[in-house]
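Every number in this text was worked out from the coordinates using simple rules, so none of it is lab data. Since this is a predicted model, take the numbers as computed values, not measurements. Reconstructed Cβ throughout: ideal geometry from the backbone, glycine too, with neighbour counts over all protein chains shown.
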Amino acid sequence: MRVRTFEGSLDGRGLRVAVVVSRFNEATTRLLLEGALDGLRRCGVEEVDVAWVPGAFEIPPAASHLARSGRYQAVVCLGAVVRGETPHFEYVAGQSAAGIARVGLEAGLPVVYGVVTADNTEQAAERSGGKAGNRGRDAALVAVEMATLLRALQGGL
Ligand code: INI
């Protein structure tokens with residue numbers, strides 16, 4: 001039996017990455033963006049383009065456009081949906097997550113979910129650089145690992 005194993009890495013040299021970030025709850029999303037840019041920089045990613053959209057609901061169409069452009073090896077999606085602020089939390093959060101997943105599958109690219117969903121602004125702060133880490137940074141590392149995995153699979157299958 002021959003077993004082959006494929007893994008990505010955190011070596012982002014040679015990668016171009018797009019980031020889509022939403023303005024709604026901007027105090028949180030700016031911190032997610034800072035975390036993501038720091039993560040991408042530390043991985044050695046050479047080129048990053050950032051696109052701002054109004055809210056988490058608008059992330060999927062922008063991500064789709066960027067993913068289908070052929071210019072990027074990964075797209076990082078950043079947003080913050082806070083339950084306390086909206087009676088339609090489930091719709092905004094659910095549609096955003098489902099849309100982001102669909103864009104990735106349709107484009108065959110890592111389109112990474114870095115949207116914080118929180119019950120209140122304190123929880124959102126914890127997840128954007130507070131005691132629960134920075135989801136933007138986490139999403140950036142996932143983007144690099146998945147982009148390098150897909151590259152390895154492309155060259156190795
Ligand atoms: N968008 C968010 O990104 N976060 C939220 O918490 C939020 N709330 O609370 O409603 C939110 N709503 C706006 C939504 O994303 C769209 O921009 C809007 O519905 C227009 O399509």
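For this structure, a couple of remarks:
- With the helix formula -39500 (n - 2.57) applied to DSSP H stretches of n ≥ 4, the chain reaches a computed 222 nm mean residue ellipticity of -15500 deg cm²/dmol.
- Whole-number percent relative contact order across the chain, with pairs defined as alpha carbons under 8 Å at least 6 apart: 33 percent
- Two-site FRET efficiency, Glu126 against Glu26, from Cβ-Cβ distance with R₀ of 22 Å, rounded to 0.05: 0.80
- FRET efficiency, 1/(1 + (r/R0)^6) with R0 41 Å, evaluated for Arg2 and Asp49 via beta carbons: 0.50
- Applying a length cut-off of 24 Å (Cα extent along the axis) and a mean Kyte-Doolittle floor of -0.5 to the DSSP H helices of the chain leaves 89-107, 135-156.
- With both labels modelled 7 Å from their Cα along Cα-to-Cβ, the Asp11 to Asp119 distance reads 4.4 nm.
- Highest-first arrangement of 27-34, 95-102, where packing means the average Cβ count within 10 Å: 27-34, 95-102
- The stretch 82-154 versus the stretch 1-67: alpha-carbon centroid distance in Å: 10 Å
- Cα shape, the stretch 94-157, gyration tensor, a/c 1.5 rule: oblate
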